[in-house]
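The values are calculated or read from the model by the stated rules, or taken from the named source; none is laboratory data. All of these numbers come straight from a predicted model, not from anything done at the bench. Reconstructed Cβ throughout: ideal geometry from the backbone, glycine too, with neighbour counts over all protein chains shown.
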Amino acid sequence: MDRWRLLYLAWRIEFSKKVDKIQFFLNILWYHGGMAEQVNSKYPERARFLNGEQKKFLELVRSKLNTDSNGLAKIVGVSSRTIRDWKREKLTISLPALEKFCLMAKVGRPDNIEIIKPFQLAALKARNGWEAVIKKYGHMPRNEEHRKRKWFEWWENEGKLSRPLLEINKPKHSEKLAEFAGLMLGDGGITQHQVSITLNRFVDYKYADFVEQLVFELFKVKPRKFIPRGTKVFRIYISRSELVSFCKSIGLVVGHKIRQKIDVPEWIKNNRKYFIACIRGLIDTDGCIFIHRYKVNGKWYSYKKLVFTSFSEPLRNSVFSFLQSIGITPRMAAGRDVRIDSTTSIKKYFELVGTSNPKHLKKYQSVL
């Protein structure tokens with residue numbers, strides 16, 4: 001249908017209803033005339049209403065057209081979420097959408113609206129930022145490295161001191177704290193401002209619940225979870241400088257654990273119950289149970305074996321020595337593994353040390 005036939009039919013409808021045809025034709029000219037712009041244009045002009053007026057306008061259009069947010073969205077080719085944002089006045093409505101709503105609902109163009117050109121607000125905010133920098137420094141920074149260095153100096157001397165420090169509960173030495181230390185020595189990591197534990201999100205999801213509960217019981221802080229895109233892991237983390245400081249105070253290290261040759265802290269080594277809890281945390285994270293199958297004289301044999309893997313020699317030696325001290329017979333293998341091969345020793349391990357990781361218990365109790 002061509003443009004003039006559309007205008008003619010619209011005029012007939014308006015004439016039959018005996019309404020103001022002048023306003024109606026103005027609406028059509030706004031939408032189809034020289035200032036017309038596609039509603040879904042990437043950078044349209046926008047209409048800024050007075051506070052509360054944009055919501056009233058959209059409610060008027062909705063009632064006139066007897067539709068809902070989804071119907072309004074279809075009319076102007078946007079998502080229903082955009083319509084909701086317009087109603088909440090989180091975003092300013094685009095001018096083409098405003099004109100189409102006026103046309104379809106047969107209402108006049110609202111008064112007291114300000115037309116905002118594309119990027120007008122961005123330019124204003126950029127200018128405000130520029131003026132703030134000039135006011136603070138007297139000029140725009142010319143040396144980026146110098147600016148960063150000065151910022152870090154300010155942060156160390158003034159900035160971080162002005163921020164309230166988020167406190168944590170600082171527990172006394174206990175079996176639970178020793179188990180936490182063990183899982184941190186295994187799959188944990190500590191940076192200057194964050195403590196995290198990385199687990200497999202497919203097989204360790206039940207163990208993750210235990211870890212979160214343990215962390216909360218110890219420090220009275222609820223950890224968060226993060227799944228890095230394209231990986232099979234999730235990270236349980238807490239961003240608290242106080243927690244980092246506390247972890248350092250109990251013998252854990254910030255940064256690369258292997259390069260620093262991590263080992264079990266002395267306060268754990270000096271207490272048998274603490275050492276058992278620490279070993280449990282270590283093997284629950286960096287250990288596994290596997291089935292060893294081999295064939296002798298045409299007959300197949302299957303045995304369960306337990307292995308703990310670490311690239312830190314001091315840590316491997318400490319685990320090996322302690323297992324020997326409690327009557328378990330381990331062996332060193334492949335230069336980085338501590339293995340428990342015999343069925344008797346594995347049974348003794350689960351009796352004395354146990355596990356908090358359901359996948360280990362399930363594998364141990366499974367039938368060969």
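Numbers below:
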quantity	calculated
Exclusive hit being more than 14 Å from the chain's Cα centre (by Cα) and under 18 Å from Asn357 (Cβ atoms), set Glu212, Glu242	Glu212
Residue in the range 241-249 that is assigned by TED's automatic domain parsing to the domain that holds Phe311 and charged (D, E, K, R) present	yes
Residues of the range 60-78 classified as more than 36 Å from the chain's Cα centre (by Cα) and charged (D, E, K, R), total	2
Boolean, Arg127 is at pLDDT below 80, on the phi < 0 side of the Ramachandran plot and assigned to a loop (DSSP other than H, G, I, E, B)	no
Extreme residue, farthest from Gln120 (Cα to Cα), among residues of the range 56-104 that are exposed (fewer than 15 other Cβ atoms within 10 Å of the Cβ) and among the small types (Gly, Ala, Ser)	Ser63
Sole residue being surrounded by 13 or more Cβ atoms within 10 Å (Cβ to Cβ) and either at pLDDT 75 or above or of a type outside the set (A, V, I, L, M) (or both), chosen from Tyr137, Tyr205	Tyr205
Pairs with Cβ under 9 Å, 6+ apart, first in the range 80-104 and without any contact (Cβ under 8 Å) to a residue 60 or more places away in the chain and farther than 16 Å from Lys56 by Cβ, second among the aromatic types (Phe, Trp, Tyr) and surrounded by fewer than 23 Cβ atoms within 10 Å (Cβ to Cβ)	none
Residue among Tyr364, Tyr349 that is hydroxyl-bearing (Ser, Thr, Tyr) and at pLDDT below 90	Tyr364
Total residues in the range 231-263, condition among the hydrophobic types (A, V, I, L, M, F, W, C) and farther than 19 Å from Val215 by Cα	2
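Conditions tested, residue by residue: (1) among the basic types (Lys, Arg); (2) at pLDDT 55 or above.
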site	(1), (2)
Asp20	no, no
Phe24	no, no
Asn40	no, no
Gly52	no, yes
Lys64	yes, yes
Ser79	no, yes
Arg84	yes, yes
Ala97	no, yes
Lys106	yes, yes
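Results for (1) in a helix (DSSP H, G or I); (2) of a type in the set (Phe, Trp, Tyr); (3) in contact with a Phe, Trp or Tyr (Cβ under 6 Å, 6 or more places away or on another chain), shown as yes or no for each residue.
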residue	(1), (2), (3)
Leu252	no, no, no
Lys257	no, no, no
Asp263	no, no, no
Ile268	yes, no, yes
Ile276	yes, no, no
Ile279	yes, no, no
Ile283	yes, no, yes
Cys288	no, no, no
Trp300	no, yes, no
